[in-house]
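S.K.: Structure provided below as structure tokens; questions to follow.
The values are calculated or read from the model by the stated rules, or taken from the named source; none is laboratory data. This one's a predicted model, so the numbers in the text were calculated from it and none came from an experiment. Reconstructed Cβ throughout: ideal geometry from the backbone, glycine too, with neighbour counts over all protein chains shown. Accessible surface is based on the protein model in full, side chains and every heavy atom, while ligands, DNA and RNA are left aside. Shrake-Rupley method; radii C 1.70, N 1.55, O 1.52, S 1.80 Å.
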Protein chains: 2
Amino acid sequence: MPKTATRLRVVEVDRLKTACSTCSLQELCLPAGLNEAELKTVDQLIDRRRPVKRGEYLFRAGSSLNSLYAIRSGFMKSSVLHDDGREQVAGFHMMGDLMGMDAIGTSQHLCDAVALEDSEACEIPLKDLEALSRNIPSLQQHFHRIMSREIARDYGVMLLLGSMRAEERLAAFLLNLSQRFEARGYSPLEFNLRMTREEIGSYLGLKLETVSRTLSGFQAQGLIAVQNKHLRILKIESLRELVSPQGCRN
Amino acid sequence: MPKTATRLRVVEVDRLKTACSTCSLQELCLPAGLNEAELKTVDQLIDRRRPVKRGEYLFRAGSSLNSLYAIRSGFMKSSVLHDDGREQVAGFHMMGDLMGMDAIGTSQHLCDAVALEDSEACEIPLKDLEALSRNIPSLQQHFHRIMSREIARDYGVMLLLGSMRAEERLAAFLLNLSQRFEARGYSPLEFNLRMTREEIGSYLGLKLETVSRTLSGFQAQGLIAVQNKHLRILKIESLRELVSPQGCRN
DNA sequence: ACGCTCGCTTGATCTGGGTCAAAAACCGGC
DNA sequence: GCCGGTTTTTGACCCAGATCAAGCGAGCGT
């Protein structure tokens, strides 16, 4: 084998092979709570890293499920397509999030996963994950926790879509983003909206004009400063009060 | 020990002890797809059957999670309470459904589970389920499938809440109920609505008046016959078309 | 069988957010 | 640095569904 080929191969493996044990998202991601030895085992689980350019699909609705995907970097949305073409954004996903769990039941993806900026995802073959979690109870537990959290998140979205008004929805959305950025070590008060107003609207059950107007409204009230995709939260407490008015005990 | 005491004890065990291996919901419920021997093992999992009278709680939001619950008979709703008292019904659950999965992540229930009619649930200690599913791959797989299906269902609800109009929501709701009754061996075209118009409304993000009006509308168009809680579907195809208009390919 | 409460229906009116439209700002490509 | 398409903002108007209101019916407890 010529030297250059070997060289390339090494580089390739280096690029594609991913190790949880050296990943900064350890604490946030699937292997959270594992010990050294377990982590080493989980390393063997991660097949390869998959880059997804902005606008590209990580997977598509209807395609068959083989792997779950842990987002390593970037930003994605998942969306369900109605027969008549209407799109419902089901969630926004960032590093450390696990995607594809909706497909385990039917072995077919239910939603599209699209990168909103250049991203990278770790491919986790489901069969291997299941096999491994039989031997590592804490992995099993954590996997269950992650699925459960997704269900809990969904309930929150239902609450939002089913019984909140436009202002409340937007405020809840911004607070949620803020909190997730914070959990990942970024500023909770200043960040970029990676998605368009239309995508925000779809997620929140609003039209893009309403999203735009409501953001402008928040800005006029001095709650936030938006310029395009860049957002700064000025009065986070006021936003919180919008979502849960006053000191109302339930 | 006096004879009567023994007698009582036997009766009690008989009432509380539940066996999957003799349960008619086997195929629908957690143990679906297990063989004889595995089924016998799972029998040991089911701690006890718990009766829940109409209006009573199976569990409440905030209480700590110990067990999942498989509904054996009856009908329940799960609902999330907003701080200010607004209630969002997150789902309706019938026999064979598994409840409580939203709580695994935090070990705290996120929603209330209330019986809409006298019901019975099988208590499944989570720790035991996890332990057992480490030894029985098909149980593990099926458990994952069930959680995944819940996520998929939630995505469907988001689609409904986020991008459908009142008529479409109601039609989708009726079709969903119809299908679930059919899967359980009941008539898909004639059944009782166990929940109030207000609960339907909460689930669908509509007010009870709108639910009532829309049902009346369907009746006027000859799609259904409603009287109170009793419902008969007359033109199921027309209902389907309401949800997915014409032959629109996506 | 009675009364009473709670759930349901239906009508009238109101409004939050949708729709339509147009201009402005932004971005990527050349 | 200019150009063309996309995204965003803002305005004017409209409508689906909310709200308010009033009567009706069914089921339940006594």
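S.K.: So with the 1.4 Å probe, I'd like the accessible area per residue for segment A:193-243, rounded to whole Å².
M.R.: Computed with neighbouring chains in place, this is 53 Å² per residue.
S.K.: In segment A:99-250, what is the volume of the convex hull around the alpha carbon atoms, normalised per residue and reported in Å³?
M.R.: Each residue corresponds to 155 Å³ of Cα convex hull volume.
S.K.: Could you let me know the centre-to-centre spacing of segment A:70-90 and segment B:198-250, using Cα atoms, in angstrom?
M.R.: 28 Å
S.K.: When the Kirkwood radius is taken over all Cα pairs of segment B:104-180, what Stokes-Einstein diffusion coefficient follows at 25 °C and 0.890 mPa s, in µm²/s?
M.R.: The calculation lands on 158 µm²/s.
S.K.: Out of the total accessible area of segment B:75-231 (probe 1.4 Å, heavy atoms of protein only), what percent is carbon and sulfur?
M.R.: Ligands and nucleic acids excluded, carbon and sulfur give 47 percent.
S.K.: Protein chains only, probe 1.4 Å: how do B:Thr214, B:Thr41 rank by accessible area, largest first?
M.R.: Of B:Thr214, B:Thr41, the descending order of accessible area is B:Thr41, B:Thr214.
S.K.: Gaussian network model of chain B, Cα springs within a sub-10 Å range: biggest mean-square fluctuation belongs to which of B:His82, B:His93, B:His109?
M.R.: B:His82
S.K.: List, in the order given, every pair from B:Lys77/B:Lys229; A:Lys53/A:Lys77; A:Lys127/B:Lys127; A:Lys207/A:Lys235 whose Cα-Cα distance in the structure shown is over 18 Å.
M.R.: Pairs exceeding 18 Å: A:Lys127/B:Lys127; A:Lys207/A:Lys235.
S.K.: What list of whole percents do you get for P(r) of segment A:6-165, with Cα-Cα distances grouped in 5 Å bins up to the one holding the largest distance?
M.R.: Histogramming segment A:6-165 at 5 Å steps yields 2, 9, 16, 21, 20, 15, 9, 4, 2, 1, 0, 0 percent.
S.K.: Can you list the residues in segment B:69-88 whose accessible area drops by at least 10 Å² when all protein chains are present, compared with the chain alone? Use a 1.4 Å probe, heavy atoms only.
M.R.: B:Val80, B:Leu81, B:His82, B:Asp83, B:Asp84, B:Arg86, B:Gln88
S.K.: Considering Cα pairs under 8 angstrom that are at least six residues apart, work out the relative contact order of chain A and quote it in whole percent.
M.R.: 17 percent
S.K.: Stokes-Einstein D for segment B:163-250 at 20 °C, 1.002 mPa s, Kirkwood Rh over Cα pairs, in µm²/s?
M.R.: The Stokes-Einstein estimate is 163 µm²/s.
S.K.: Show me, for segment A:99-115, the HN-Hα J-couplings you get by feeding each phi into the Karplus relation (A = 6.51, B = -1.76, C = 1.60, θ = phi - 60°), rounded to Hz, glycine and proline as x.
M.R.: Karplus values, whole Hz, x for Gly and Pro: 10, x, 5, 5, 9, 5, x, 10, 6, 10, 5, 9, 10, 7, 10, 10, 7.
S.K.: Between A and B, buried accessible area summed over both sides at probe 1.4 Å, in Å² to the nearest 100?
M.R.: Summing both chains' loss of accessible area gives about 4700 Å².
S.K.: Which FRET efficiency, nearest 0.05, do B:Asp128 and A:Ser107 yield, Cβ-Cβ r, R0 22 Å?
M.R.: With R0 = 22 Å, the Cβ-Cβ based efficiency is 0.20.
S.K.: For B:Leu193, enumerate residues with amide H under 5 Å from its amide H, sequence gap 5+ or separate chain, H modeled in the peptide plane.
M.R.: The list, which skips near neighbours in sequence, is B:His230, B:Leu231.
S.K.: Would you mind listing the distances between the B:Arg240 label point and the same position in each other copy? Use 7 Å along Cα-to-C-beta, nm, one decimal, shortest first.
M.R.: Here the equivalent label points are 5.0 nm apart from this one.
S.K.: Tell me, what HN-Hα J-couplings in whole Hz come from the Karplus equation 6.51 cos²θ - 1.76 cosθ + 1.60 at θ = phi - 60° for each residue of segment B:222-230, using x for Gly and Pro?
M.R.: With the stated coefficients, segment B:222-230 comes to x, 7, 9, 10, 10, 9, 6, 8, 8 Hz.
S.K.: What is the set of long-range amide H partners of A:Phe75 at a cut-off below 5 Å, with H atoms built 1.01 Å from backbone N?
M.R.: It is A:Leu116, A:Glu117, by chain and number.
S.K.: A further question on this structure: Label 7 Å along Cα→Cβ of A:Thr41; segment A:66-107 residues with amide nitrogen under 17 Å?
M.R.: Backbone N within reach: none found.
S.K.: Using DSSP to call loops (not H, G, I, E or B), can you name the trypsin sites (Lys or Arg not before Pro) in segment A:41-104 whose Cβ has at most 15 other Cβ atoms within 10 angstrom?
M.R.: Hits after loop and neighbour filter: A:Lys53, A:Arg54, A:Arg60, A:Arg86.
S.K.: What does the copy distance list look like for B:Arg86, label position 7 Å along Cα→Cβ, in nm and ordered from shortest?
M.R.: Shortest to longest, the spacings are 2.0 nm.
S.K.: Now for a separate question. How far is A:Ser21 from itself in the other copies, in nm, if each label sits 7 Å out from Cα along the Cα-Cβ line, shortest first?
M.R.: In ascending order, 4.4 nm.
S.K.: Separate question: Sorting check: for B:94-104, B:120-130, A:160-170, which peptide has the highest mean count of neighbouring beta carbons within 10 Å, and how do the rest follow?
M.R.: The most tightly packed comes first, giving B:94-104, A:160-170, B:120-130.
S.K.: Got a sec? Which residues in segment A:157-175 would a label at A:Ser216 touch, if it sits 7 Å along Cα→Cβ and we count backbone N under 19 Å?
M.R.: Once the point is set 7 Å along Cα→Cβ of A:Ser216, A:166-171 turn out to lie under 19 Å by backbone N, inside segment A:157-175.
S.K.: Which FRET efficiency, nearest 0.05, do A:Arg86 and A:Gln227 yield, Cβ-Cβ r, R0 22 Å?
M.R.: 0.15
S.K.: Now for a separate question. Check which residues have an amide H placed less than 5 Å from A:Asp47's amide H, if you skip close sequence neighbours.
M.R.: It is A:Glu123, by chain and number.
S.K.: For peptide A:157-169, what's the mean number of Cβ atoms from other chains within 10 Å of each residue's Cβ?
M.R.: Rounded to a whole number, the mean comes out at 6.
S.K.: With +1 assigned to the C-beta of every Lys and Arg and -1 to the C-beta of every Asp and Glu, and no other charges, what is the dipole magnitude of chain A about the Cα centre in debye, to the nearest 20?
M.R.: Computed charge dipole of chain A: roughly 420 debye.
S.K.: Can you bin the protein assembly as shown into rounded, prolate or oblate? Criterion: square roots of the alpha carbon gyration tensor eigenvalues sorted a ≥ b ≥ c, rounded for a/c under 1.5, prolate for a/b above b/c, oblate for the rest.
M.R.: Because a/c hits 1.5 or more and a/b fails to exceed b/c, the protein assembly as shown counts as oblate.
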